[in-house]
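Below is one structure; the comments refer to it alone.
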2 protein chains.
Amino acid sequence: MLRFAVLGHLATTSGKFSLSDMPGGAGRMDILCRCVNASLFLSHGMRRDVEVYLVLLGPPDPPKTVLFPGKTVRYLSPDERSSGSLIQKALAQPVSEEFRETTPGVFVRRGGLPELLAEYPFVLLDESGTDIRTVSLLPDNYLLSDHLNLNAQEVAAVAGMPVFSVGPLALHADHTLTVLLNEHDRRAA
Amino acid sequence: MLRFAVLGHLATTSGKFSLSDMPGGAGRMDILCRCVNASLFLSHGMRRDVEVYLVLLGPPDPPKTVLFPGKTVRYLSPDERSSGSLIQKALAQPVSEEFRETTPGVFVRRGGLPELLAEYPFVLLDESGTDIRTVSLLPDNYLLSDHLNLNAQEVAAVAGMPVFSVGPLALHADHTLTVLLNEHDRRAA
């Protein structure tokens, strides 16, 4: 199983956002929607062996984590509005510390980065890291940020974590996941 | 200069589509919007050396080609609605056989695949092709299709064209462009 956790520093934690204004009013939720797409879609089907954790840290009620497991998710199409709509429905539900299913195969819980770091041995994706093509055994659990750098608290939380990059240029989060998955696909082939 | 041409077999050729229904009423225009994003965006800036040609073949007035040159495009954000809105404005203008600027740095003309093939030596991106990682000198001009296979007329038009693939699995068009650009980035670094 591959796991991706994406930090949405400004991403709203209320379900009352407009699907027509995800870059603005929803705190760059569009980035997280594209990460869901990049993680889960193949040309003819879904990546059943990938889970995406969206860590939503914006107002009014942070932190919340929305989970899209490729194995279970339903009613998901590749466009941004589709994943945005499932996120919206997840955020409209009450949350507890356990993941709760909000639409078929999509889940939400109260919690953010510390909870995830306690559960899986994440590595960090960042342009400063070791090139994934040079790594003999690729990790399974990857953390990456949206358009903002890690804040001081997050930097402290990831101290000592191995860092990997997907190439010479700094890419958008979703593009980074696409390139990373290509490397995994090639090694699995 | 890198050039990508994406065939939108069902993509509307009228500007009167809804930005909230691009997968449906606009004939999978969402795919073409994601190809614009994948082609032109870096984390901190635009790919000024890439041009994307969207070949729109759907009703009511095909063929039209919308051109996004990274060098000139303005008012473009990474979300699907942003490129969708610029496509909409391009399609609302009269067309001739010459490219005409419809919003700053975005252009439209009457024409489709035959015109492009007469202008640049395109290669085809398809999962059946030669792996780009094994190619000593990468081409500059790439043709790819949306979610549909090439039709009989298109197959005839590309007969004899070199074919390249980006990996072992069939990917969405935008993911294919992202992986391809990563290979170009690595060689240019």
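The table below lists the values:
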{"quantity": "Lysine pairs within the protein assembly as shown, Cα separation less than 26 Å, 8 or more sequence positions apart or different chains", "calculated": "8"}
{"quantity": "Nearest-first distances (nm) between copies at B:S18, label 7 Å from Cα via Cβ", "calculated": "1.5"}
{"quantity": "Crossing angle, helix B:80-91 versus chain B [Cα axis fit, 0-90 degrees, rounded to tens]", "calculated": "60 degrees"}
{"quantity": "Bins of 10 Å, starting at 0 and running to the largest distance - Cα pair percent for chain A", "calculated": "9, 40, 37, 12, 1"}
{"quantity": "Inter-label distance for A:D49 and B:K89, nm, one decimal - labels placed 7 Å from Cα along Cα-to-Cβ", "calculated": "4.5 nm"}
{"quantity": "Amide H contacts of A:S77 (H built 1.01 Å from N, under 5 Å, at least 5 apart or other chain)", "calculated": "A:S83"}
{"quantity": "Shielding by partners - mean other protein chain Cβ count within 10 Å, residues of B:12-21", "calculated": "1"}
{"quantity": "Derived scalar couplings ³J(HN,Hα) [the stretch B:33-47; Karplus, 6.51 cos²θ - 1.76 cosθ + 1.60; whole Hz; x for Gly, Pro]", "calculated": "4, 5, 5, 4, 4, 4, 6, 10, 9, 10, 4, 10, x, 10, 7"}
{"quantity": "Cβ-Cβ FRET estimate between B:T134 and A:L138, R0 fixed at 22 Å, reported to 0.05", "calculated": "0.60"}
{"quantity": "Two-site label geometry, A:N149 and A:E98: point separation in nm, points 7 Å out along Cα→Cβ", "calculated": "4.1 nm"}
{"quantity": "Position A:A92, label points 7 Å along Cα→Cβ, spacing to each other copy in nm (shortest first, one decimal)", "calculated": "3.1"}
{"quantity": "Cα-centre dipole for the stretch A:48-146 with unit charges at Cβ (Lys and Arg positive, Asp and Glu negative), debye to 20", "calculated": "440 debye"}
{"quantity": "Inter-site label distance for B:A118 and A:T72 at 7 Å from Cα along Cβ, in nm", "calculated": "5.7 nm"}
{"quantity": "Potential extension, A:S14-A:A189 segment - 0.36 nm per residue separation minus Cα distance", "calculated": "58.9 nm"}
{"quantity": "For A:R3, residues with placed amide H under 5 Å, excluding near neighbours", "calculated": "A:E51, A:N141, A:Y142"}
{"quantity": "Cβ-placed point charges (K, R +1; D, E -1), dipole of the protein assembly as shown about Cα centre in debye, nearest 20", "calculated": "440 debye"}
{"quantity": "Mean Cα-pair separation over length for the stretch A:7-160, i.e. relative contact order, pairs under 8 Å, 6 or more apart, %", "calculated": "22 percent"}
{"quantity": "Built amide H within the under 5 Å cut-off of B:T13, gap 5+", "calculated": "B:G58, B:D61"}
{"quantity": "Beta bridges by DSSP in chain A, antiparallel share as percent, to the nearest 5", "calculated": "45 percent"}
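Every read-out reported here was derived from the displayed coordinates using simple, explicitly stated rules and does not represent laboratory data. Bear in mind the structure is a predicted one, so any value in this text is a computation, not a measurement. So basically every Cβ, Gly included, is an ideal-geometry build from the backbone, and we count neighbours across all protein chains shown.
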